[in-house]
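Accompanying notes for the structure given below.
The values are calculated or read from the model by the stated rules, or taken from the named source; none is laboratory data. What you are looking at is a predicted structure, and each value in this text was computed from that prediction instead of being measured. Glycine gets a Cβ as well: all are built from the backbone with ideal geometry, and neighbour counts include every protein chain shown.
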Amino acid sequence: MIELKGISKQYGEAYAVRPLDLTMPSGQTTALIGPSGCGKSTLLRMIAGLIPPTTGEVVIDGQALTLDTALRLRRQIGYVIQDGGLFPHLTAGQNVALMAKHVGMPQEDLEARIAELCELTRFPGDGLSRYPVELSGGQRQRVSLMRALMLKPSHLLLDEPLGALDPMVRAALQADLNEIFKQLGQTVVLVTHD
Ligand code: ADP
Ligand code: MG
């Protein structure tokens, strides 16, 4: 569960996010919908502990997100940033494996998990050796999603995962995401402007 308590973000005089209370229950998908510039990405960054709120606090499964707890709590959070944010100099497979390698997951487990994720996100296995620039938009989003899910986080944040896709691909990925969320039963926060 993610709780936002009186959370706001100001840059100088301007509010990126006005004071807000919101509870996002476990095992459910919560969609944040609003026009460009209304503060959706800022809100997700505060939940992910990447920027500190001006006022208020983020509570994840009962634990307040602070400088001390951010690193640990962030391991419980998968985050698909706007535009995917894949590292262009790493292949799809290397992007997905990055954090797992960092925490020392054995190679065998790592490969098994990636195979599982390819099936879940319907990403073709032979695409793993390609660089992001060699993939379609829909495939890149699937790789971003696999990377976010690699360590089985209990919370998943997605920032406009369908934004840059053409309508046909968007409809297909939307249906797939719906299925994936149902299967995983995670706490999902999805940002969209449409
Ligand atoms: P959204 O994701 O809903 O399109 P953002 O959260 O990215 O909106 O931005 C919300 C508002 O905060 C915008 O007006 C944006 O210009 C402003 N903003 C975001 N980040 C910064 C920053 N680092 N410095 C100053 N203003 C910012
Ligand atoms: Mg945004």
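Scanning region 35-45 for residues that are at positive phi and either surrounded by 12 or more Cβ atoms within 10 Å (Cβ to Cβ) or of a type in the set (Ser, Thr, Tyr) (or both) yields one hit, 39. For residue 16, indicate whether it is in contact with a helix residue (DSSP H, G or I) (Cβ under 9 Å, 6 or more places away or on another chain), at negative phi and within 16 Å of ligand 2 (Cβ to nearest atom). Here the answer is yes, as residue 16 does meet what is asked. Within region 102-111, the residues that satisfy the criterion of being without any contact (Cβ under 8 Å) to a residue 40 or more places away in the chain and either among the basic types (Lys, Arg) or loosely packed, with under 12 Cβ neighbours inside 10 Å (or both) are 102, 104, 106, 107, 108, 109. Taken across region 60-76, residues that are within 16 Å of ligand 2 (Cβ to nearest atom) and either in contact (Cβ under 8 Å) with a residue 12 or more places away in the chain or part of a strand (DSSP E or B) (or both) do not occur at all. Filter region 5-30 down to residues that are in contact (Cβ under 8 Å) with a residue 40 or more places away in the chain and among the hydroxyl-bearing types (Ser, Thr, Tyr) and give me whichever is surrounded by the fewest Cβ atoms within 10 Å (Cβ to Cβ). Filtering first and then ranking leaves 26. Candidates are the residues of region 22-59 that are in a strand (DSSP E or B) and of a type in the set (Val, Ile, Thr); the one that is nearest to ligand 2 (Cβ to nearest atom) is 33. Among the residues examined, residue 48 does not qualify as hydrophobic (A, V, I, L, M, F, W, C), loosely packed, with under 13 Cβ neighbours inside 10 Å and within 13 Å of ligand 1 (Cβ to nearest atom). You will find that of 156, 173, 162, the residue that is in contact with a strand residue (DSSP E or B) (Cβ under 8 Å, 6 or more places away or on another chain), surrounded by 12 or more Cβ atoms within 10 Å (Cβ to Cβ), of a type in the set (A, V, I, L, M) and at pLDDT below 90 is 162 and no other. Of all residues in region 66-99, those being of a type in the set (A, V, I, L, M) and either at positive phi or surrounded by fewer than 22 Cβ atoms within 10 Å (Cβ to Cβ) (or both) number 8.
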